[in-house]
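Engineer: Quick one: the structure is below, questions incoming.
The values are calculated or read from the model by the stated rules, or taken from the named source; none is laboratory data. If you're wondering where the values come from, they're calculated on a predicted model, not measured in any experiment. FYI the Cβ positions are ideal-geometry reconstructions off the backbone, even for glycines, and counts take in every protein chain you see.
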Amino acid sequence: MKVVWLLLLCATCAQAGSPLSQADAAAWLQKMADASRHLSYEGVFVMRQGDTMQTLSVSNRPTAQGYESLLTALDGSQREVRCSQSGAVTVMADGSQIKVEKRLNHRHFPVLLPANPLPLLNWYEVRLGDTARVAGLDCRNVEMQPRDAFRWGYVLCAEKDSGLPLKAMVVNGSSQPLMQSAFAEVKLGAAPRLGAAPALPAMPEAARQVETEQVVAKNLPPGFTRIAAVIRHLPNMQGEVEHWVFSDGLTHISLFLTPAHKPVETVKGESTHGMVNLMRRQVGDFQATVLGDAPWPAVEAIALGLEPKK
Amino acid sequence: MNPAHEHDESLSAFLDGELSDQQARSMIRRLGEDAVLRARYAEYCATGDILRGHRHDIPDLTDKIMAALDQEPTLLAPVKKPPNRRPMLWLAAAATAAIAWGLWSTAPRQETAVPLAAATPPSDVVPYLAAHQDYAQSVVTQPEMNYSLVSLSGAAR
């Protein structure tokens with residue numbers, strides 16, 4: 001018996017810290033991606049970014065069409081995000097009124113990995129880290145280290161049986177956390193049916209597809225493709241804006257194009273702890289604003305690679 | 001002062017060369033006549049040799065020194081104590097301070113840092129940041145942004 005334990009211990013030692021084989025890495029990522037969508041759960045998690053902290057509740061349940069989830073902010077302004085296969089809406093309480101906005105996409109903890117995470121293995125090396133305990137449950141850290149400078153690293157702690165990520169960290173090249181989300185309490189198993197959505201007023205369509213492109217992105221970082229190109233209205237903003245999104249499946253970078261009515265200064269922006277980067281410049285007759293939760297080289301590469309379409 | 005102490009002081013002064021020539025001659029004469037004083041003189045010489053590291057072969061010297069110390073009067077004058085150094089307590093205090101600093105500096109703070117902006121924050125960026133959150137993880141939080149002007153070169157200018 002002792003020999004068996006020793007062998008198990010040695011096997012664990014060998015795994016910890018060393019890169020997983022492609023097959024093992026794929027299995028871990030797929031298990032986490034599936035668990036976050038197809039498992040019933042409800043819980044409360046804390047999200048920390050820089051100096052700010054938010055507490056949110058999340059519930060998820062599988063449906064015949066896929067899954068639906070409800071995300072509710074427990075502090076700050078009243079706001080919730082309802083997600084289903086058909087789309088997502090943000091519901092906000094504004095005084096006595098309820099405002100509803102359609103979202104182009106829904107992506108929130110713990111549903112962070114794409115449904116098909118396998119292409120990520122081209123851009124990330126996956127390692128198994130230590131075991132941990134989060135919200136009273138045992139989990140195993142799965143470290144996704146980027147192979148280049150165009151994306152942040154991720155550390156997800158997968159619940160030992162289901163694989164549900166109980167904690168997620170976005171880390172920079174020095175392994176310093178930029179953003180962390182972790183369940184404080186979670187119940188796995190049957191989640192209650194989501195309550196009926198409040199009566200929603202008629203909503204304009206969130207966006208329409210771009211038909212004629214007047215700008216071309218010539219320099220996308222490895223693995224990034226354009227996943228959206230729409231014309232949309234933004235809340236608190238006059239007129240329409242063209243919104244493109246580039247992604248490798250985990251990192252998302254937005255490009256906003258508006259007519260340049262006057263010469264545009266080239267501006268670089270970064271969030272206090274460096275997680276969000278931004279670059280604005282003039283491209284032909286357009287003001288282009290590129291921003292995303294990505295390292296500066298990725299934002300800069302996309303922004304400098306923009307050219308007017310000839 | 002008893003006679004023995006008086007002899008001891010004279011012997012000590014003799015050995016230290018502090019007696020006058022006349023007193024020294026008198027001491028030499030007494031040493032020739034007094035066997036007890038000679039024995040005392042031998043002990044003084046041996047003690048001096050040991051203190052200077054010249055000999056180690058006097059087996060009963062320790063007993064004699066301890067006996068002599070027992071006869072010394074007890075001093076009741078206050079003695080200055082060395083400072084009570086407790087390095088482990090200082091280390092613990094330093095560690096506690098370091099932990100407290102770590103907790104304080106990493107704890108979420110209500111106030112926000114003043115942006116060291118070299119450029120005027122673009123007025124229309126906030127809606128863009130909000131719109132990007134359709135694809136980012138954030139639901140409510142708007143990141144605090146710092147801006148700076150960038151000089152471009154080449155084709156991107």
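Engineer: Mind checking which residues of the stretch B:118-157 are modelled with pLDDT under 55 and either of a type in the set (D, E) or loosely packed, with under 14 Cβ neighbours inside 10 Å (or both)? Before the answer, list the steps.
Structural biologist: Kept after step one, since they are modelled with pLDDT under 55, are these residues of the stretch B:118-157: B:155-157.
Across the stretch B:118-157, the qualifying residues are B:A155, B:R157.
Engineer: Within the bounds of the stretch A:102-120, is there any residue that is on the phi < 0 side of the Ramachandran plot, part of a strand (DSSP E or B) and without any contact (Cβ under 8 Å) to a residue 40 or more places away in the chain?
Structural biologist: No, the stretch A:102-120 contains no residue that is on the phi < 0 side of the Ramachandran plot, part of a strand (DSSP E or B) and without any contact (Cβ under 8 Å) to a residue 40 or more places away in the chain.
Engineer: Being in contact with a Gly (Cβ under 6 Å, 6 or more places away or on another chain), facing chain B (nearest Cβ under 9 Å) and surrounded by fewer than 24 Cβ atoms within 10 Å (Cβ to Cβ) is the requirement here; does A:T272 meet it? Quick ask: steps written out before the conclusion?
Structural biologist: Details: in contact with a Gly (Cβ under 6 Å, 6 or more places away or on another chain): yes; facing chain B (nearest Cβ under 9 Å): yes; surrounded by fewer than 24 Cβ atoms within 10 Å (Cβ to Cβ): yes.
Yes.
Engineer: Next question. Kindly evaluate A:K99 against the criterion of being of a type in the set (D, E, K, R), in the same structural domain as A:G43 (by TED's automatic domain parsing), assigned to a strand (DSSP E or B) and free of Cβ contacts under 8 Å to residues at least 12 places away in the same chain. Before the answer, list the steps.
Structural biologist: Details: of a type in the set (D, E, K, R): yes; in the same structural domain as A:G43 (by TED's automatic domain parsing): yes; assigned to a strand (DSSP E or B): yes; free of Cβ contacts under 8 Å to residues at least 12 places away in the same chain: yes.
In short, yes.
Engineer: Is it true that some residue in the stretch A:81-96 is aliphatic (A, V, I, L, M), out of contact with any strand residue (DSSP E or B) (no Cβ under 9 Å at 6 or more places or on another chain) and loosely packed, with under 14 Cβ neighbours inside 10 Å?
Structural biologist: Step one: of the stretch A:81-96, the residues aliphatic (A, V, I, L, M) are A:81, A:88-89, A:91-93.
Those left that are additionally out of contact with any strand residue (DSSP E or B) (no Cβ under 9 Å at 6 or more places or on another chain): none.
Within the stretch A:81-96, none of the residues are aliphatic (A, V, I, L, M), out of contact with any strand residue (DSSP E or B) (no Cβ under 9 Å at 6 or more places or on another chain) and loosely packed, with under 14 Cβ neighbours inside 10 Å.
Engineer: When you check A:A260 against the structure, is it touching a Ser or Thr at 6+ places or on another chain (Cβ under 9 Å), more than 10 Å from chain B (Cβ to nearest Cβ) and more than 27 Å from A:K102 (Cβ to Cβ), yes or no? Reasoning before the result, please.
Structural biologist: Working: touching a Ser or Thr at 6+ places or on another chain (Cβ under 9 Å): no; more than 10 Å from chain B (Cβ to nearest Cβ): yes; more than 27 Å from A:K102 (Cβ to Cβ): yes.
No, not satisfied.
Engineer: A further question on this structure: Assuming A:Q209 fulfils every condition listed in (1) modelled with pLDDT of 85 or more; (2) surrounded by fewer than 17 Cβ atoms within 10 Å (Cβ to Cβ); (3) in contact with a Lys or Arg (Cβ under 9 Å, 6 or more places away or on another chain) apart from one, which condition is it?
Structural biologist: (3)
Engineer: In this structure, does A:S181 turn out to be at pLDDT 95 or above, hydroxyl-bearing (S, T, Y) and in a loop (DSSP other than H, G, I, E, B)? Walk me through it before giving the result.
Structural biologist: Working: at pLDDT 95 or above: yes; hydroxyl-bearing (S, T, Y): yes; in a loop (DSSP other than H, G, I, E, B): no.
It is false that A:S181 is at pLDDT 95 or above, hydroxyl-bearing (S, T, Y) and in a loop (DSSP other than H, G, I, E, B).
Engineer: Evaluate the stretch A:101-115: report whether one residue or more is within 24 Å of B:Y128 (Cα to Cα) and away from chain B (no Cβ under 11 Å).
Structural biologist: Yes, the stretch A:101-115 contains a residue that is within 24 Å of B:Y128 (Cα to Cα) and away from chain B (no Cβ under 11 Å).
Engineer: Further question: Kindly provide the set of residues from the stretch A:278-310 that are more than 23 Å from the chain's Cα centre (by Cα), more than 14 Å from A:F246 (Cα to Cα) and not in a strand (DSSP E or B), ordered by number.
Structural biologist: So in the stretch A:278-310, the residues more than 23 Å from the chain's Cα centre (by Cα) come out as A:281-287, A:304-310.
Still in the running and more than 14 Å from A:F246 (Cα to Cα): A:281-287, A:304, A:307-310.
Within the stretch A:278-310, A:G284, A:D285, A:L304, A:K309, A:K310 qualify.
Engineer: Looking at (1) modelled with pLDDT under 90; (2) in contact with a Cys (Cβ under 7 Å, 6 or more places away or on another chain), find the lone condition where A:A191 falls short.
Structural biologist: Going through (1) modelled with pLDDT under 90; (2) in contact with a Cys (Cβ under 7 Å, 6 or more places away or on another chain) one by one, A:A191 breaks only (2).
Engineer: Listed residues A:L278, A:L234, A:L306, A:L291; which is crowded, with 22+ Cβ neighbours inside 10 Å, more than 20 Å from A:Y154 (Cβ to Cβ), free of Cβ contacts under 8 Å to residues at least 40 places away in the same chain and facing another protein chain (nearest Cβ under 10 Å)?
Structural biologist: Residue meeting the stated conditions: A:L278.
Engineer: Restricting the stretch A:64-79 to residues that are of a type in the set (S, T, Y) and within 12 Å of A:T90 (Cβ to Cβ), which is nearest to the other protein chains (Cβ to nearest Cβ)? Write out each step before concluding.
Structural biologist: Our first condition is that a residue be of a type in the set (S, T, Y); within the stretch A:64-79, this holds for A:67, A:69, A:72, A:77.
Filter once more, keeping what is within 12 Å of A:T90 (Cβ to Cβ): A:72, A:77.
Numbers: A:T72: 9, A:S77: 7 Å.
Here the residue is A:S77.
Engineer: Can you tell me which residues in the stretch A:219-231 are buried (at least 18 other Cβ atoms within 10 Å of the Cβ) and either of a type in the set (D, E) or within 10 Å of chain B (Cβ to nearest Cβ) (or both)?
Structural biologist: Matches in the stretch A:219-231: A:A228 only.
Engineer: Out of A:V134, A:V142, which single residue is modelled with pLDDT of 95 or more and either among the hydroxyl-bearing types (S, T, Y) or under 26 Å from A:A298 (Cα atoms) (or both)?
Structural biologist: Values: A:V134 fails: either among the hydroxyl-bearing types (S, T, Y) or under 26 Å from A:A298 (Cα atoms) (or both).
Testing whether each residue is modelled with pLDDT of 95 or more and either among the hydroxyl-bearing types (S, T, Y) or under 26 Å from A:A298 (Cα atoms) (or both) leaves just A:V142.
Engineer: Tell me whether the stretch A:202-215 contains one or more residues that are assigned to a loop (DSSP other than H, G, I, E, B), facing chain B (nearest Cβ under 9 Å) and of a type outside the set (K, R).
Structural biologist: From the stretch A:202-215, those assigned to a loop (DSSP other than H, G, I, E, B) are A:202-206, A:210-214; that's our starting set.
Filter once more, so that each one left must be facing chain B (nearest Cβ under 9 Å): A:206.
Imposing the further condition that a residue be of a type outside the set (K, R) reduces the set to A:206.
Within the stretch A:202-215, one or more residues are assigned to a loop (DSSP other than H, G, I, E, B), facing chain B (nearest Cβ under 9 Å) and of a type outside the set (K, R).
Engineer: Only one of A:M275, A:M237 is under 16 Å from B:Y135 (Cβ atoms), in a loop (DSSP other than H, G, I, E, B) and either among the aliphatic types (A, V, I, L, M) or more than 17 Å from the chain's Cα centre (by Cα) (or both); which?
Structural biologist: Numbers: A:M237 fails: under 16 Å from B:Y135 (Cβ atoms).
Just one listed residue meets the conditions, A:M275.
Engineer: For the list (1) in contact with a Phe, Trp or Tyr (Cβ under 8 Å, 6 or more places away or on another chain); (2) within 30 Å of A:E270 (Cα to Cα); (3) at pLDDT below 85, I need the number of the one condition that A:F45 fails.
Structural biologist: Checking A:F45 against (1) in contact with a Phe, Trp or Tyr (Cβ under 8 Å, 6 or more places away or on another chain); (2) within 30 Å of A:E270 (Cα to Cα); (3) at pLDDT below 85, the one that fails is (3).
Engineer: Okay, next question. For A:I253, are the conditions met, namely being outside the structural domain of A:P114 (by TED's automatic domain parsing) and surrounded by fewer than 20 Cβ atoms within 10 Å (Cβ to Cβ)?
Structural biologist: Details: outside the structural domain of A:P114 (by TED's automatic domain parsing): yes; surrounded by fewer than 20 Cβ atoms within 10 Å (Cβ to Cβ): no.
No, not satisfied.
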